[in-house]
Amino acid sequence: MLLFFLSFLFFTFPPPSFALNQEGLYLLQVKASLSDPDSTLSSWNPRDPTPCNWRGVSCGSATASVTSLDFSNFNLGGPFPTLLCRLQNLSFVSFYYNNINSTIPSDISTCQNLAHLDLSQNLLTGELPHTLADLPNLQYLDLTGNNISGNFPDSFGRFQKLEVLSLVYNLLDGTIPAFLGNISTLKMLNLSYNPFSPGRIPPELGNLSNLEILWLTECNLVGEIPDSLGRLKKLTDLDLAINHLTGRIPSSLTELTSVVQIEIYNNSLTGELPPGFSKLTNLRNLDASMNHLTGTIPDELTRLQLESLNLYQNNFEGTLPPSIADSPALYELRLFQNRLTGELPQNLGKNSPLRWLDVSNNQFTGPIPPNLCEKGSLEEILMIYNSFSGQIPPSLGDCRSLNRIRLGFNKLSGEVPAGFWGLPHVYLLELVNNSFSGQIGKSIAKAANLSLLIISKNEFTGSLPEEIGSLDNLIQLSASENKLTGPLPKSIVKLDGLGVIDLHGNELQGELPSGIESLKKLNELNLAHNEFSGKIPDGIGSLSVLNYLDLSNNQLTGRIPLQLQNLKLNQLNLSNNLLSGQLPPLFDKEMFINSFVGNPGLCGNFSGLCVDRDGGKHKGYVWLLRSIFILAALVFVVGVVWFYLKYRSYKKARAIDKSKWTLMSFHKLGFSEYEILDCLDEDNVIGRGSSGKVYKVVLSNGEAVAVKKLWGGVKKGCCDSVDLEKAGKGAKSMSVIAGSCGYIAPEYAYTLRVNEKSDIYSFGVVILELVTGRLPIDPEYGEKDLVKWVCTTLDQKGVDHVLDSKLDPCFKEEICKVLNIGLLCTSPLPINRPSMRRVVKMLQEAGAENQPKAAAKKDGKLTPYYYEDASDQGSVA
């Protein structure tokens, strides 16, 4: 009995050696203070004697005390638990990529043994606590990717052992302080992508004699690069890109004998590259693109062991040093949009694993180097807008690594190598505006990834191969102004993703293929100036997104399909064919006359059509028919007026007075005004403008429509078919301007006339709203509106002060293109505004070649790389 009692006591109250130690109890309290939706800390067992085997916890081998807590990617949430500081030997803490919120507590200074603190990619807010500098052993501090704001505390100049300070992607809005130059132990300083106030690079940073990495990308830096940076003898990586730096590149940078990478792109630097680059024997990557540099590319620079050289969008002149081809590690060479002349070195790529080559928008001549793909690594070759001549080297026909080819606007000639048509990874093949000849190879069937085939303005012959129908990813086929013959391949109707077919200016013949209605995404069909015959397929009328149709100058016969009236076309041209019969009613208006001239058998109600084949007798019939029609119309109008007066008297007696409503239908509707009027109450209001309220109305058939009720007293301009006949005498004017302030085109003030260009202006204002994140009118603008504010700010401060800060900077190139489109649409002169069709095409082009901007993590930092070429960029004037 006594033995049983002792056993019961033993198992019920275990000896102290089996109880969780104090450090474990602290950690259980930490766990309780955090949210753990993924139960990542569920393995923490309170029955364990120590927490040393718990997930994320590490202990010292000698003391069995907790030394490290790594909670990376645990999805934990809540404030930072300073209770951790009670762990006396804790030296390593990482909450990387969690949801730690609130501010960094000031009592974090109690973690006296802490050497490594990583709170990057969390939700921290507030300012930097001055007590961080009171951690005597802190060597590593990473607060990247939070919402920390404010300025640096003065105490940050007193760190005793700090080697790494990273505050990338926060909201710091002061300036970079000079006292950071007092942290003599620093090896890495990364303050990139913060909205600092405009400020200079502190010359005191040159005192950081142990610094190896200095990243100040997009920090709103102004002024010149200080000479003192040349004293950083241990520096391996210098990144000052995307700022507003001016002046010359200091020659002191050539004293950075340990430097491997220099990135100073997208600034306003001027002058020449300084001499002395031959001393930088470790330099592998140099990116000084998008500045205003001049002079020639130094030969000493190209003799280095370069891997990447980016000097595009400057003003370099002269020839390219032949020695650049001797760099055995060169994989990236971007020199586009300069003024370079001469020939490319013919052994370029022979000794190096070249991947990206862009020499577009220069004045290069001579042949394409034959060894560009010698190492089998070439992915992009961009050589547009030069004067290259000769043939495409046969070796490029075997370069299976290629995915992007742009050789347009040169003087290249000869036949394209057979294998070149069928490269399996190429998505863009552009050969436009050269003198290429021969046929499009049947091997194109192997180009499974091809999306954009642009080979216009050459001398290609033969027919389009039937194999083109196997290119499932093709979205654009542009082969205009060649010498192509034969019919369209029947297989083309299989390309249900095709958006553009432009084959105008060839010698194609035969009938248009049946089944064209399967091309549901077709936006543009241009087959003008060929020899096509037969009828226009009815199926074209079912292409719901088609807005450009040009079949002019062919030999098409038969009637115009009535189904074409279903299309919403910005461009329609069927002129100079052999079409006959009566025009569809929608097109039987003088505004469409240029779309149908040159068809002898085509008849309509305006001059220029239906050539008189029966002499005066035919004219007499036409005159009689028109007289009858006019008389009938007059009787009809009188009857309608009489009926309206009677009807209005009747409606006045109704309880709901609807006589004050005037409804005008601009196209055929499937409902009556009575369904509308009963729904115009405040419960259905969905918007308001300066000219009236907008209501949501649900019809009896279940469809929903938006109805705008104009304010009383406002008369809005409109025009009917009679007005259109008098168009030559631009259009009716409005008695009162209807529209919201900020969207109204400036010409309204002196013409009071409505036309397409006025709508383009309003659309442009909407684009500027989206890009800037601002309202069309705002007291901040003073007497200006959004358009004038954008133009003024661009001139005085640059594009970075215009763009919405919430937009992802990785897509800055595309955003600038859209901004430029908005500026074109809001041009003060209506004649300078593009058509809506052109606007749509420009917006499509802005994203058609959107390249992924890879964010490569290197040495603890996410560094964006931008792969651009001159032809892809929009200019923001």
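Against the criterion of being crowded, with 20+ Cβ neighbours inside 10 Å and β-branched (V, I, T), V766 does not qualify. Listed conditions (1) more than 25 Å from M188 (Cα to Cα); (2) surrounded by fewer than 21 Cβ atoms within 10 Å (Cβ to Cβ); (3) not charged (D, E, K, R) are all met by V66, apart from (2). A residue that is more than 25 Å from the chain's Cα centre (by Cα) and hydroxyl-bearing (S, T, Y) can be found somewhere in the range 328-343. When the residues of the range 531-569 are filtered to those that are among the acidic types (D, E) and within 39 Å of the chain's Cα centre (by Cα), the one that is nearest to E507 (Cα to Cα) is D550. In the set (1) surrounded by fewer than 19 Cβ atoms within 10 Å (Cβ to Cβ); (2) touching an Asp or Glu at 6+ places or on another chain (Cβ under 7 Å), the condition left unmet by G342 is number (2). Wholly within the range 76-163, which strands (runs of 3 or more DSSP E) include no fewer than the required count, namely at least 1 residues that are under 21 Å from S192 (Cα atoms) and not hydroxyl-bearing (S, T, Y)? Because the criterion is at least 1 residues that are under 21 Å from S192 (Cα atoms) and not hydroxyl-bearing (S, T, Y), the strands (runs of 3 or more DSSP E) in the range 76-163 that meet it are 116-118, 140-142.
Does L119 fit the bill of being modelled with pLDDT of 95 or more, buried (at least 19 other Cβ atoms within 10 Å of the Cβ) and closer than 16 Å to G145 by Cα? Against the criterion (modelled with pLDDT of 95 or more, buried (at least 19 other Cβ atoms within 10 Å of the Cβ) and closer than 16 Å to G145 by Cα), L119 qualifies. L488 fulfils the conditions (1) closer than 21 Å to I536 by Cα; (2) surrounded by fewer than 19 Cβ atoms within 10 Å (Cβ to Cβ) except for a single criterion, (2).
H504 meets the stated requirement of being in a loop (DSSP other than H, G, I, E, B), in contact with a Leu (Cβ under 8 Å, 6 or more places away or on another chain) and more than 29 Å from F336 (Cα to Cα). In the range 453-475, of all residues being in contact with a helix residue (DSSP H, G or I) (Cβ under 7 Å, 6 or more places away or on another chain) and under 15 Å from L503 (Cα atoms), the one that is surrounded by the most Cβ atoms within 10 Å (Cβ to Cβ) corresponds to I468. For the range 409-422, the set of residues classified as farther than 18 Å from P369 by Cβ and in a loop (DSSP other than H, G, I, E, B) consists of F409 only.
Could you tell me whether Y748 is modelled with pLDDT under 70, of a type in the set (F, W, Y) and surrounded by 14 or more Cβ atoms within 10 Å (Cβ to Cβ)? Yes; evaluated as a whole, the condition is true for this residue.
Within the range 374-401, residues that are in a helix (DSSP H, G or I) reach partners that are of a type in the set (F, W, Y) with beta carbons closer than 8 Å, at six or more positions or on different chains, in the pairs L396/F420; G397/F420. Does D239 satisfy being acidic (D, E) and within 22 Å of D142 (Cβ to Cβ)? Here the answer is yes, as D239 does meet what is asked.
The values are calculated or read from the model by the stated rules, or taken from the named source; none is laboratory data. Note that the structure is a prediction, hence the values are computed from the model and not measured. Don't worry about glycine lacking a Cβ; one is built from the backbone with ideal geometry, like all the others, and counts go over all protein chains shown.
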